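Read the structure below first, then the notes.
The values are calculated or read from the model by the stated rules, or taken from the named source; none is laboratory data. Every value quoted in this text rests on a predicted model; they were computed, and no experiment measured them. In this analysis, Cβ positions are derived from the backbone assuming ideal geometry, glycine residues included, and neighbour counts consider all displayed protein chains.
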Amino acid sequence: MRYTGKTGEYFEITTINSFNCHLLKQSKPGELSLLWFESDNNQFIVDTVGYTFNSDDIIFLTEFHKVEVVNIEKAKLLRWNKPFYCVVNHDSEVGCKGVLFFGAFSLPVIHPTQQDIDTLSTVLKMLEQEMVSHDNLQEEMLQMMLKRILILCTRMYKSQADYEKMEPQSVDIIRSYNFLVEQHFKEKHTVAEYADLLHKSPKTLSNLFKKLGNKSPLQFIQDRKMLEAKRLLSYTDKTISEIGYDLGFADVQSFSRFFKKEEGISPNQFQRKIA
């Protein structure tokens, strides 16, 4: 089922199985996706990392994730473009600047409780019913129900990731930091540069990340550069020198040293490993 608006915005709901799983590789620029698994033992490789997802696991994907399906039985795919629903500038906690889509270097996964599943199933059923409506209110209704699903998922993810231990203002700063890294990781490589954009000190950012018990702000930058490096090495024909230059390294030696420090092997060895 697919809704397409008058100015190119769209939203679709599709059941994914082994016959049409190629659709997961066909993400378009500006697309966001929610994938709700309806069976066990679904094996995926996302950005060269292997995952196994079971029934009622939910993951969130952006246009930047590279997805390879090893095995899938059945899953529900909700996919939309940013003109349909993104809310970068408003409602950002449940939009593409929120915790579910704050940065493509992290794959958010939630494991709903039975109560969560019951609630989400009810909303999804209403959403599917609205997909067959054809009046002037359809788009607004679809956006409202998608927003409700994202709010429910955001609450679950924040609870599972211990975000609720932090003040909302602190969570907002971390989300904004992650979003800025996604935008600028190729040219801005220090925490101080992002601290300036946020009008905070590097020490403040470091303390906030410690409260969350997560990686340091510098490691987020390094991880995002590494993810892009592995994507380019795995899915493009660019040379190692070109990839290093794309990521802001002065020369191939600097890039190789960085890659080996983070991954434990050189870019050449990584390419041979995945070949």
>> I'm told residue 238 meets every condition in (1) more than 22 Å from the chain's Cα centre (by Cα); (2) under 26 Å from residue 160 (Cβ atoms); (3) basic (Lys, Arg) except one. Can you identify the failing condition by its number?
In response: (2)
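I need the helices (runs of 4 or more DSSP H) fully contained in segment 135-238, keeping only those with at least 3 residues that are among the polar types (S, T, N, Q).
Working: elements: 138-160, 168-184, 191-198, 202-212, 217-235.
Fully inside segment 135-238 and qualifying: 138-160, 168-184, 202-212, 217-235.
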> In this structure, is residue 176 small (Gly, Ala, Ser), modelled with pLDDT under 85, closer than 19 Å to residue 60 by Cβ and in contact with a Ser or Thr (Cβ under 9 Å, 6 or more places away or on another chain)?
Replying inline: yes
> Within segment 187-202, is even one residue modelled with pLDDT under 90 and crowded, with 16+ Cβ neighbours inside 10 Å?
Replying inline: no
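For segment 1-29, enumerate the residues that are part of a loop (DSSP other than H, G, I, E, B) and either aromatic (Phe, Trp, Tyr) or buried (at least 16 other Cβ atoms within 10 Å of the Cβ) (or both).
Filtering segment 1-29 for residues part of a loop (DSSP other than H, G, I, E, B) gives 1, 5-9, 17-20, 26-29.
9, 19, 27 - these are the residues of segment 1-29 that are part of a loop (DSSP other than H, G, I, E, B) and either aromatic (Phe, Trp, Tyr) or buried (at least 16 other Cβ atoms within 10 Å of the Cβ) (or both).
Condition check ((1) free of Cβ contacts under 8 Å to residues at least 60 places away in the same chain; (2) among the acidic types (Asp, Glu)) across all residues:
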site: 227; (1), (2): no, no
site: 233; (1), (2): yes, no
site: 237; (1), (2): yes, yes
site: 241; (1), (2): yes, no
site: 250; (1), (2): yes, no
> Out of all the residues in segment 61-68, is one or more assigned by TED's automatic domain parsing to the domain that holds residue 116, over 14 Å from the mean Cα position of the chain (by Cα) and under 25 Å from residue 132 (Cβ atoms)?
Replying inline: no
> Among (1) loosely packed, with under 15 Cβ neighbours inside 10 Å; (2) not in a strand (DSSP E or B), which single condition is residue 50 missing?
Replying inline: (2)
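Is it true that some residue in segment 108-128 is modelled with pLDDT under 90 and closer than 30 Å to residue 228 by Cβ?
Of the residues in segment 108-128, the ones modelled with pLDDT under 90 are 108.
This time we only want the ones that are closer than 30 Å to residue 228 by Cβ, so: 108.
Yes - at least one qualifying residue is present in segment 108-128.
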>> Condition first: touching a Leu at 6+ places or on another chain (Cβ under 7 Å), over 24 Å from residue 139 (Cα atoms) and assigned by TED's automatic domain parsing to the domain that holds residue 113. Can you find one or more residues in segment 38-57 that meet it?
In response: yes
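Mind checking which residues of segment 120-150 are touching a residue at least 12 places away in the same chain (Cβ under 8 Å) and either acidic (Asp, Glu) or on the phi > 0 side of the Ramachandran plot (or both)? Can you show your working first?
Just the residues of segment 120-150 that are touching a residue at least 12 places away in the same chain (Cβ under 8 Å), to begin with: 120, 123-124, 126-128, 130-132, 138-139, 142-143, 145-150.
128, 130, 139, listed by residue number.
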> With respect to residue 266, is the statement that it is modelled with pLDDT of 90 or more and of a type in the set (Gly, Ala, Ser) true?
Replying inline: yes
